[in-house]
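Beneath this line is the structure, given in structure tokens, with notes to follow.
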Amino acid sequence: ANDLEIDNKGNVFVTGSAWDGSIAKENYVTIKYDSSGNQKWLKEYDNVFGADIANDMEIDKYGNVYVTGSSWNGSVANEDYVTIKYDSAGNRIWGIEYSNGHGADYSNAIGLDSIGNVYVTGQVDGGISNNDFATIKYCTPPVVTVAADTVAVCPGDSAQLEVFGGASYSWYTTTGISNPDISNPKVLPASSGYYYVYVKNINGCGKYASIYVKIKPKPVIKVNTPVICAGQTAILTATGATTYVWSNNLGTSSTVTTPILSNTKTYSVTGTLNGCSASKSVIV
């Protein structure tokens with residue numbers, strides 16, 4: 001065991017290496033105990049090739065666990081930095097390797113800042129009999145929330161796009177968009193498709209998100225064209241929608257009866273289907 005940390009709830013975390021029974025074959029081992037010494041979880045990291053040695057660990061205010069150390073990548077005398085993040089329940093969130101491409105690289109220490117950046121430092125192979133310091137900063141991408149994965153609009157209508165969680169926004173699909181640099185632009189789509197945005201936090205770390213804008217079909221309204229004699233009654237029937245509104249105060253049914261006619265007259269109906277409307281006129 002190479003490091004021990006205690007969080008603000010009294011949980012105890014230990015990290016180091018454990019031999020798995022193979023020749024020169026150790027794995028990272030990280031364990032969480034509660035304040036009474038009961039084991040809550042144990043996690044191993046094994047890159048299959050050889051010795052994996054965890055050297056240092058940090059806990060953030062949310063109980064996430066960050067472990068760093070060295071991991072043999074299978075080549076002779078060639079280790080890499082390996083840094084892993086676990087959540088408070090022991091689920092692995094991410095793992096990152098670093099190799100300078102020459103030989104043995106050993107990550108010896110890890111640190112966190114107040115806004116979620118992760119720093120690791122250690123020794124890397126700089127060539128023949130030449131070792132160097134290497135310090136790396138990793139930033140945590142933002143947690144991006146999309147108000148709606150799919151936005152459906154009628155033809156000719158604008159769609160409202162909304163994402164949250166960043167300090168800046170860059171929309172990469174800009175056709176018909178009102179402002180590509182805000183979190184909630186409006187867009188007038190020419191066709192159905194995805195709109196992509198790159199969301200960055202105050203650390204400069206970013207993450208992509210997407211919203212699919214779907215153009216709903218307009219209803220296709222059809223109305224019969226009755227031919228009648230003067231003084232008779234015409235029956236008009238509309239199809240292609242779920243709701244109807246007729247001109248001339250004829251009501252909202254799909255089939256309506258006109259007043260007695262004395263001459264040729266034009267009637268119109270507006271039909272609505274899935275929120276989209278279309279109109280049709282008929283001459284009786």
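Please treat every number below as a calculation from the coordinates, not as lab data. Because the structure is predicted, anything quoted here is derived from the model rather than measured. Backbone-built Cβ (ideal geometry, glycine too); neighbour counts: all protein chains shown.
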Report the Cys residues of the chain lacking a disulfide-compatible partner, meaning no second Cys Cβ under 4.7 Å from their Cβ.
CYS229
For LYS137, give me every one of the aspartates and glutamates with a C-alpha distance below 18 angstrom, ignoring sequence neighbours fewer than eight places off in its own chain.
ASP56, GLU58, ASP60, ASP80, GLU97, ASP105, ASP113
Enumerate the calculated ³J(HN,Hα) couplings along the range 57-65 in order (Karplus 6.51 cos²θ - 1.76 cosθ + 1.60, θ = phi - 60°), each rounded to whole Hz, writing x wherever the residue is Gly or Pro.
8, 9, 10, 8, 5, 9, x, 6, 10
Of the candidates SER22, SER88, SER210, which one comes out as most mobile in a Gaussian network treatment of the chain with C-alpha springs shorter than 10 Å?
SER22
Just subtract the alpha-carbon distance of ASN117 and ILE6 from 0.36 nm times their residue separation and send over the number in nm, one decimal.
38.0 nm
Rg [Å, one decimal], Dmax [Å, integer] - the range 1-154, C-alpha atoms:
17.8, 69
Taking a crude spin-label model, label points 7 Å out from Cα along the C-beta direction, the ASN249 to ASN130 distance in nm is 9.7
Taking the mean number of other Cβ atoms within 10 Å as a proxy for protection, how do you rank 48-54, 188-194, 121-127, 58-64 from highest to lowest?
48-54, 121-127, 58-64, 188-194
Would you please state the base-10 log of I(q)/I(0) at q = 0.13, 0.18 1/Å for the range 134-284, with intensities from the Debye formula using one equal scatterer on every alpha carbon?
-0.70, -0.95
Long-range HN-HN contacts of TRP41 with modeled amide H, under 5 Å:
LYS32
Segment LYS61-ILE96, length gained on full extension (0.36 nm per residue, minus Cα span)
10.5 nm
Along Cα→Cβ, 7 Å out, is where each label goes; now give me the distance between the ones at VAL48 and VAL227 in nm to one decimal.
8.0
Using Cα centres only, tell me the gap between the range 207-284 and the range 33-110 in whole Å.
68
Give or take rounding to whole Å, what are the principal axis extents of the alpha carbon atoms in the range 85-168, in descending order?
69, 30, 22
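What per residue convex hull volume, in Å³, comes out for the chain when only alpha-carbon positions are used? Can you show the working numbers first?
On the way: hull volume 61.1 nm³, N = 284.
Cα-based convex hull of the chain, divided per residue, equals 215 Å³.
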Would you calculate the separation in nanometres between label points at SER22 and VAL220, each defined as 7 Å from the Cα along the Cα-to-beta-carbon direction?
6.4
Would you mind counting up the charge near VAL197? Only other residues with Cβ under 12 Å from its Cβ, with Lys and Arg at +1 and Asp and Glu at -1.
0
Around ILE177: net Lys/Arg minus Asp/Glu count, Cβ-Cβ under 15 Å:
-2
Derived scalar couplings ³J(HN,Hα) [the range 270-284; Karplus, 6.51 cos²θ - 1.76 cosθ + 1.60; whole Hz; x for Gly, Pro]
10, x, 10, 9, 6, x, 10, 10, 8, 10, 9, 10, 9, 9, 9
